[in-house]
Amino acid sequence: MNLIDALKSIGFTQQESIIYITLCKHGELSGYEAAKISGISRSNAYAALSSLVDKGSAHIIEGTSAKYIAISKDELIMNATRDFDENIQVIRDNLEFNLVTNNPYITIVDTKNIINKIKNMITQSKFRLYFCADKKILDIFSDEIIEAYNNDKKIVILSPEVPKFNHNKFYKSFNYESFKLIIDTEEVITGTLNQALYSRNTTLVRLIREAIINEIHLIDIKNNISD
């Protein structure tokens, strides 16, 4: 995510983002100067400046000719954080959600969405997790796994390399083209970071769990033979 996209995510438009960044870089500017420096048409620059003032992200400097100045980065962050917290509280207090009871198979696409789903699953786990994945995938979730371990949740890892974070049990396995994660024997997600299948369906959870247990059994047999 670049800076303009980040500003848009907190409520700025594309042109407001560009004008705000321009003000931050060049200090107090007239509408004409802001338009010239940013490359935005004068009418659109003035509209963006007016909107930034309405949002409290810029101020008008008193004087013979109107000039504008951006609020500081720290103030922008504080305002955005305050607005975000207020919106979250409204959602928490007012949004009703009926849980799905038929446990469908859900396809999740896009790396960001899949990573967020896995992080949420690990964070919300109660007892244990089984995670089969290559080290580069496991490393993405190291913070969440460490927190789960520190909260006395059982962490079982199957991977070609020993992870650096704490865990209860490790099984050295072959390279994985996809990952498998089971949480509390209640929910499962499997696939790649481009597309994954998630479900709380008991049959699928049982099948994936049995596959992992069989893999662990084979790893134990191989290790005993090696010994």
Against the definition (exposed (fewer than 15 other Cβ atoms within 10 Å of the Cβ) and not charged (D, E, K, R)), how does LEU207 come out, yes or no?
yes
Odd one out for SER178, checked against (1) touching a Gly at 6+ places or on another chain (Cβ under 6 Å); (2) without any contact (Cβ under 8 Å) to a residue 12 or more places away in the chain
(2)
Please give the number of the condition ILE106 fails out of (1) more than 30 Å from ILE21 (Cβ to Cβ); (2) in contact with a helix residue (DSSP H, G or I) (Cβ under 8 Å, 6 or more places away or on another chain).
(2)
If you go through ALA148, ALA211, the only one that is farther than 18 Å from PRO104 by Cα, in contact with a Leu (Cβ under 8 Å, 6 or more places away or on another chain) and of a type in the set (A, V, I, L, M, F, W, C) is ALA148
Which ranges mark the helices (runs of 4 or more DSSP H) fully within region 51-145 that have 1 or more residues being surrounded by 12 or more Cβ atoms within 10 Å (Cβ to Cβ) and not assigned by TED's automatic domain parsing to the domain that holds GLY191?
73-94
Pair list, Cβ under 6 Å, 6 or more apart: region 67-91 residue in contact (Cβ under 8 Å) with a residue 12 or more places away in the chain and under 18 Å from GLU28 (Cα atoms), other residue in a helix (DSSP H, G or I) and not β-branched (Val, Ile, Thr):
TYR68/LEU49; ALA70/TYR20; ALA70/LEU23; ALA70/CYS24
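The values are calculated or read from the model by the stated rules, or taken from the named source; none is laboratory data. Computed from a predicted model, the values in this text were never measured in an experiment. Ideal geometry is used to build each Cβ from the backbone, glycine not excepted, and the neighbour counts take in all protein chains shown.
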